Structures are given as structure tokens and as C-alpha cells.
Amino acid sequence: RLTAEPMERAERDRFFEIVTEKGFVDNYTGIRISSNGTRFYIVNATVWNLVDDEGKYQGQAASFKEYKFI
């Protein structure tokens, strides 16, 4: 939750609801905040649900090649 800027958190929450429903979303682009507070822009990320061997939802993951520090 804290990886998004405060004014973007509601949008981030809606986005992750879509990922949860569909299983994944690709071509996601947005601004995020690293654990040390550095802002960066990710481009064309794929975000997907993580499930364990029993099919139980465990969270979400993202992969992206392109990012730019702001």
C-alpha cells in the first residue's frame, strides 16, 4: 500500500482489485515509491496473483524491465 503516493493509493487499490479478479494485468504503468522513499516510474509492468501449491491466494507480484527514477 505504501508503494504508491498518497494521492494515488485509491487508484492503486482499484488496480489490484482488477488483478485479483482477472489473475493478472499487463502493460501497467505508474509511479511507485521504493522502501527508502525514492520515487520511480515503472513502464509496461505485468502484475499477477501468487498462489501456493494448493491454489490458495498468497499475494501479488510484478515484473518490469523499464523504470525511471524521478
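The values are calculated or read from the model by the stated rules, or taken from the named source; none is laboratory data. Because the structure is a prediction, the values reported are computed rather than measured. Using ideal geometry, Cβ is built from the backbone for each residue, glycine included, and neighbour counts are taken over all protein chains shown. Note: accessible area is taken over every heavy atom of the protein model, side chains too, but ligands, DNA and RNA are not part of it. Shrake-Rupley method; radii C 1.70, N 1.55, O 1.52, S 1.80 Å.
Some observations on this one:
- Identity of the residue in the stretch 48-67, of a type in the set (A, V, I, L, M) and without any contact (Cβ under 8 Å) to a residue 24 or more places away in the chain, that ends up farthest from I18 (Cα to Cα): V51
- Lone qualifier among D53, D13 - being acidic (D, E) and surrounded by fewer than 10 Cβ atoms within 10 Å (Cβ to Cβ): D53
- Filter result (open to solvent by 50 Å² or more (accessible area, probe 1.4 Å) and under 16 Å from the mean Cα position of the chain (by Cα)) within the stretch 58-70: Q58, Q60, A62, S63, F64, K65, E66, Y67, K68
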